[in-house]
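Input: a single structure, listed below in structure tokens.
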Amino acid sequence: MKSVTEFKTIMTGNDAVAYGAKLARVKFISAYPITPQTTIVEKLASMIANDELDAKYVEVESEHSALAAVFASELTGVRSYTATSSHGLLYMHEMLHWVSGQRLPIVMSVVNRAIGPPWNIWADQSDTINQRDTGWMQVYSESNQEAMDTIIMGYKIAENSEVMLPLMSMEDAFILSHTSEPVTLRDQDLINDYLPDLDLKFRIDIGNPMGYGSYDTPDGTFMELKKDMVDSMNKAVRVIKDETEKFNQMFDTNYGGLVERYRMDDADYALIAMGTVASTARFVVDKLREKGLNIGLIRIRYFRPFPYDDILEDLKNIKAAGVIDRSVSFGYAGATYSEIVSALYGKINIPVSSFIVGIGGRDVRVEDIEKIADTVRNESSGVYWINVKKVI
Amino acid sequence: MVLVPVSTVSTRNHPTDSWRIQRPTIQYDKCIRCMICWKYCPDNAIEIENGDESAPNERIAKMEYPVINYSFCKGCGICANECPEKCIDMEFEVIE
Ligand code: SF4
Ligand code: SF4
């Protein structure tokens, strides 16, 4: 019998994520160390300096280079990691496609922050929603504990031989990244049982030279390679559910797979949210339940692959739903809203509204979610901006 | 398993000579074998061969000299631009 050395402590989301990377035994980290970088890589750098983590840390001149360095190290078969945020992530955009296209199961943390102008460093999911089509899996956490555990589960899912796609793990800026919460540090031996070493079948081998992502033609296999990424993204749905369940059993947690449901069993109305807004929404659901309103909450954990089947199942007995987005697509509505509506189209015909909240880190208050619930209850559908001031 | 973009076919099997509009030619009787062209060629299209007779003098004739591999030279002209002796000529390719 192994002795289990889990222990509970208090730490910020950024530190929790850094410990997640440490527990996942990452061997290579590269980062561009100034704004919008966060204390995640600072923490990892100090772990390496103090001999707590056996990994190579490479400082580079930009986020584009940071992901390029991680791309190269992962290709040698070494589990690699980086972290970024907002404009740094946008600067990585080209490399995001290279990593997923080369089928490298890299895990990267992203602190969700607004994109300028004007400059703003607060919580806003527009940065990662912008990367929706880059072939990365996307997970949005609600607590520091979840942010830490997602790094570990993330490697397990990404490295599955049926998946082999990179994974972005998100935490809302400041609300998680710089706020301290109780976090249980997992036992390293148990993590080692859960997450074996990376065995990259197509790693660079000087004894067997190969060209990586070199050149392909319209009649070659380019189209097939892209379709295979979609097929793998679809297969990831099952892998995510299985691996999350395994983790739950080993560590006594209760993460949902792609979504998490709260008081949905007998609900007439549903709120749908992603990230920390869900915490406030859960509080409001309890408050409205006390007043006799049958309302529930669906928290989306995985935005890619999108939980289409879960959403269809969850909304089949619902009268109306409200989708809360902390991002916006200019010219339309919230990103989660458009995914939900397309999931329902032709199958479930209920009013669904889009609510844009908390852009640029504006506080999302209990009264804001109450207002949203009120609109949902009136079974209207439309796009609403919540808590917006009159400027002119 | 997933489909991964790795190729086991060497790029040596994919000549790129048809990409070239201009052709560099080295005047060996002026070339001092400094190998700057070899260093600068972005396509590794300049190879090194052992000594050659058509050299400016006997001493240089014994030195290794640069030879352009026209199967891979793309005609960018960087070698001609960098050559300190200005002994690489660039001329338009002509289809005879
Ligand atoms: S023209 Fe360009 S490609 Fe050709 S040999 Fe000179 S440097 Fe190399
Ligand atoms: S750079 Fe000019 S002089 Fe030097 S080796 Fe090349 S051709 Fe000769």
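The values are calculated or read from the model by the stated rules, or taken from the named source; none is laboratory data. Computed from a prediction, not measured in an experiment: that's the story for all the values here. With ideal geometry, Cβ positions are generated from the backbone for all residues, glycine too; neighbour counts draw on all protein chains shown. For accessibility, only protein heavy atoms count, side chains too; no ligands or nucleic acids. Shrake-Rupley method; radii C 1.70, N 1.55, O 1.52, S 1.80 Å.
Between A:Tyr345 and B:Asn44, how high is the FRET efficiency from 1/(1 + (r/R0)^6) when r is the Cβ-Cβ distance and R₀ = 45 Å? Nearest 0.05.
Step by step, r from the Cβ atoms, then E = 0.25.
Under 5 Å between amide H atoms, partner at least 5 residues away or on a different chain: which partners does A:Lys56 have, H built in plane at 1.01 Å?
The list, which skips near neighbours in sequence, is A:Phe28, A:Ile29.
Leaving out ligands, DNA and RNA, calculate the buried accessible area for the pair A and B with a 1.4 Å probe, summed over both sides, in Å² to the nearest 100.
1200
Computing the accessible area with a 1.4 Å probe over protein heavy atoms, can you report the carbon and sulfur percentage for chain B?
It is 51 percent, rounded to a whole number.
Long-range amide H contacts for A:Met11: which residues qualify at under 5 Å (H placed 1.01 Å from N, peptide plane, sequence gap of 5 or more or a different chain)?
A:Glu181, A:Val183
7 Å from Cα along Cα→Cβ at both A:Met250 and B:Val67: what's the point-to-point distance in nm?
For the pair A:Met250/B:Val67, the computed spacing is 5.9 nm.
What percent antiparallel are the DSSP beta bridges of the protein assembly as shown, to the nearest 5?
Bridges in the protein assembly as shown that DSSP calls antiparallel: roughly 40 percent.
Over the range A:7-251, what percent of the accessible surface lies on carbon and sulfur atoms, probe 1.4 Å?
Using a 1.4 Å probe with all protein chains present, the range A:7-251 comes out at 56 percent carbon and sulfur.
Have a look at A:Thr244, A:Thr280, A:Thr84 and tell me which one the Gaussian network model of chain A (Cα, springs below 10 Å) gives the largest fluctuation.
Between A:Thr244, A:Thr280, A:Thr84, it is A:Thr280 that shows the largest mean-square fluctuation.
Once phi is turned into θ = phi - 60°, what whole-Hz ³J(HN,Hα) does the Karplus curve with 6.51, -1.76 and 1.60 give for every residue of the range A:47-60, x standing for Gly and Pro?
Those phi angles translate into 4, 5, 4, 8, 6, 8, 9, 8, 8, 9, 10, 10, 8, 10 Hz.
Taking amide H atoms as placed 1.01 Å from N in the peptide plane, list the residues 5 or more away in sequence, or in a different chain, whose amide H sits under 5 Å from that of A:Leu104.
none
What distance in nm lies between label points placed 7 Å from Cα along the C-beta direction at B:Ile21 and A:Lys201?
So the two model labels end up 4.5 nm from each other.
Whole-Hz ³J(HN,Hα) for each residue in the range A:126-132, computed from phi via Karplus 6.51 cos²θ - 1.76 cosθ + 1.60 with θ = phi - 60°, x for glycine and proline: what do you get?
So the Karplus estimates, Gly and Pro as x, are 4, 4, 7, 4, 4, 9, 3 Hz.
Over the range A:259-385, what is the mean sequence separation of C-alpha contacts under 8 Å (at least six apart), divided by residue count, expressed as relative contact order in percent?
Here the relative contact order equals 27 percent.
Would you report the distance distribution of C-alpha pairs in the range A:281-392 as whole percents per 5 angstrom bin, up to the bin with the largest distance?
Percent of Cα pairs in each bin: 2, 11, 21, 25, 22, 12, 4, 2, 0.
Got a sec? Which residues of the range B:1-25 lose 20 Å² or more of accessible surface with every protein chain in place, vs. that chain alone, 1.4 Å probe?
Residues meeting the cut-off: B:Met1, B:Val2, B:Leu3, B:Val4, B:Pro5, B:Val6, B:Ser7, B:Thr8.
Using a probe of 1.4 angstrom, how much of the accessible area of the range A:259-385 is carbon and sulfur, in percent?
Carbon plus sulfur share of accessible area: 45 percent.
Rolling a 1.4 angstrom probe over the protein heavy atoms, how many square angstrom per residue are accessible across the protein assembly as shown?
Here the residues of the protein assembly as shown average 48 Å² of exposed surface.
Check the cysteines of the protein assembly as shown one by one and keep only those with no other cysteine Cβ under 4.7 Å from their own.
Taking the Cβ cut-off of 4.7 Å, the unpaired cysteines of the protein assembly as shown are B:Cys31, B:Cys34, B:Cys41, B:Cys73, B:Cys76, B:Cys83, B:Cys87.
What lysines does B:Lys39 reach when the alpha-carbon gap must be under 24 Å and sequence neighbours fewer than 8 apart in one chain are set aside?
Candidates past the 8-residue exclusion: B:Lys30, B:Lys62, B:Lys74, B:Lys86.
Provide the gained length on full extension for the span A:Lys390 to A:Lys8, in nm with one decimal, where the gain is 0.36 nm per separating residue minus the Cα-Cα distance.
133.0 nm
Where the only charges are on Cβ atoms (+1 Lys, Arg; -1 Asp, Glu), what is the dipole of the range A:7-251 about its Cα centre, to the nearest 20 debye?
120
Using the structure shown, list the pairs from A:Lys22/A:Lys201; A:Lys319/A:Lys390; A:Lys27/A:Lys201; A:Lys8/A:Lys246; A:Lys22/A:Lys227 with a Cα-Cα distance above 27 Å, or answer none.
A:Lys319/A:Lys390; A:Lys22/A:Lys227
Enter the Cα centre distance for the pair the range A:35-54 and the range A:304-319, rounded to the nearest angstrom.
Taking the Cα centre of the range A:304-319 as reference, the centre of the range A:35-54 is 39 Å away.
When DSSP assigns beta bridges and you keep just the ones with both residues in the range A:218-377, what percent turn out antiparallel, to the nearest 5?
20
What's the magnitude of the charge dipole for the protein assembly as shown around its Cα centre, counting Lys and Arg as +1 and Asp and Glu as -1 at the beta-carbon? Answer in Debye, nearest 20.
Roughly 1080 debye, rounded to the nearest 20.
What shape does chain A take by its C-alpha gyration tensor, where a ≥ b ≥ c are the square roots of the eigenvalues and a/c under 1.5 counts as rounded, a/b above b/c as prolate, and the rest as oblate?
In terms of gyration-tensor shape, prolate.
How large is ³J(HN,Hα) for each residue in the range A:300-310, as worked out from phi by the Karplus curve 6.51 cos²θ - 1.76 cosθ + 1.60 (θ = phi - 60°), to whole Hz, x for Gly and Pro?
The phi angles translate into 7, 8, 9, 8, 9, x, 7, x, 4, 5, 4 Hz.
Just to verify a number: what accessible area does A:Val230 come out at with the full protein assembly present, 1.4 Å probe, Å² rounded to tens?
90
Given the C-alpha centroids of the range A:365-386 and the range B:1-69, what is the distance between them in whole angstrom?
After rounding, the separation between the Cα centres reads 69 Å.
Measuring from label point to label point, each 7 Å out along Cα→Cβ, what is the A:Asn50 to A:Ser180 span in nm?
Result for the modelled spin labels: 1.4 nm.
Please list A:Arg203, A:Arg132, A:Arg238 in order of solvent-accessible area, largest first, computed with a 1.4 Å probe with all protein chains present.
The ordering from most to least exposed comes out as A:Arg238, A:Arg203, A:Arg132.
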